[in-house]
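Below is one structure, written out as structure tokens; comments come after it.
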Amino acid sequence: MVACTDELGTDVCNSLAGLWAADGSCRWPTAELCLKACGQCPRVEAALACQSLPDECEWHADANVSGRDQGFCNDRVDWHAFFERVTSDPELSKRGARVISSGAPWLAEFPQFLTDAEADEMIRVGLAEGLRDEDEHPAHIRNVSVTNCDSANCMQAPIVNELSGRLSAMLGAPSRNFESMEFVRYEAGQHYVWHPDEYSWQRKGWSAERADPVHVLSGPRVLTFFMYLSDVDEGGETGFMGTRAGASKVAPTPAEEAKLKVRPEKGKAILWANMRDEWRTAEPAAVHRAFPVRRGVKWASTLWVHAAGFRIPELYAGLACAPR
């Protein structure tokens, strides 16, 4: 059995200033490098056995309801309550936070979520991590430079830990539910065609006997948080299919127009739900695309949020998992 260890070494982790928050908890994603010091070994052991701890799903849409009374421990989540809460935060409201689509899909906008300095620092971190050409899809599907925050240097970057903590507090979700941040750069002509984000554990190609172990334990990508790190001279909008896709359940054609477009603006972020209130069911209206950049460069960062802890199962879950 794989041992639960501190990748940076226990002595280093115990004295690592950037790891420990004021309340004595560990900051993520640095905590991933110090799983033993951060008390995560029970989660590692559970993942190895294809199990989840009882508290893995204890976050919810309504901040006034605690524990298992609502949300991902049950079959439904109240997206209306969730989006009303996250956009009514006083600081975010002062900067224009608002719901811009009330269902099909649920979508909120957060102008000035990042300062210019924070956006610039995120670009610096992405460049330091090293961009590569997209290799998962052919260029006519997704044409972009990309990197993920998977190295020890990136996971310890103060801005990455700050944003992870900020998002955890805002969403009411543990940072361990987040995937690694993705950094993307679209240059003139680059794009991403219509696609969903839910990345379900019921993916095509996985049978009941051979389910995707990570998504058995973590559930789908229930939310996407997308941060624009630069202005774009022309193009580069994020488009959503909206109610047409929700009504027809027919995949959009590559040239089909969006029901809703969000223009890139440096420091702005958007948040949308990939799943319906029955959170195991994908929301077709959340199918979206990155329109081609016409002039300029579009920098952005994506953070996907799962119903339960993600990174530990991603690292440790075995293929013996069965779908739940």
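All conditions but one from (1) closer than 28 Å to residue 321 by Cα; (2) loosely packed, with under 13 Cβ neighbours inside 10 Å; (3) free of Cβ contacts under 8 Å to residues at least 40 places away in the same chain apply to residue 10; the one that does not is (1). Among the residues of the range 282-306, those identified as closer than 30 Å to residue 54 by Cα, in contact with a Ser or Thr (Cβ under 7 Å, 6 or more places away or on another chain) and either of a type in the set (A, V, I, L, M) or surrounded by 23 or more Cβ atoms within 10 Å (Cβ to Cβ) (or both) are 282, 306. Restricting attention to the range 11-32, the residues being more than 16 Å from residue 165 (Cβ to Cβ) and assigned to a helix (DSSP H, G or I) number 4. Listed here are the strands (runs of 3 or more DSSP E) enclosed by the range 87-204 that have at least 1 residues being at pLDDT below 95: 191-195.
All of (1) hydroxyl-bearing (Ser, Thr, Tyr); (2) over 20 Å from the mean Cα position of the chain (by Cα); (3) modelled with pLDDT of 95 or more hold for residue 238 with one exception: (2). Quick one: which strands (runs of 3 or more DSSP E) lie wholly within the range 274-324 and hold at least 1 residues that are on the phi < 0 side of the Ramachandran plot and polar (S, T, N, Q)? Output list reads 298-306. Restricting attention to the range 33-47, the residues being touching a Ser or Thr at 6+ places or on another chain (Cβ under 9 Å) and either closer than 21 Å to residue 163 by Cβ or buried (at least 22 other Cβ atoms within 10 Å of the Cβ) (or both) number 5. Summed over the range 144-158, the residues that are in contact (Cβ under 8 Å) with a residue 24 or more places away in the chain and surrounded by fewer than 20 Cβ atoms within 10 Å (Cβ to Cβ) give a count of 8.
The values are calculated or read from the model by the stated rules, or taken from the named source; none is laboratory data. Bear in mind that the values here come from a model prediction, so they are computed numbers and not experimental data. Every residue, glycine as well, gets a Cβ built from its backbone with ideal geometry; the counts of neighbours run over all protein chains shown.
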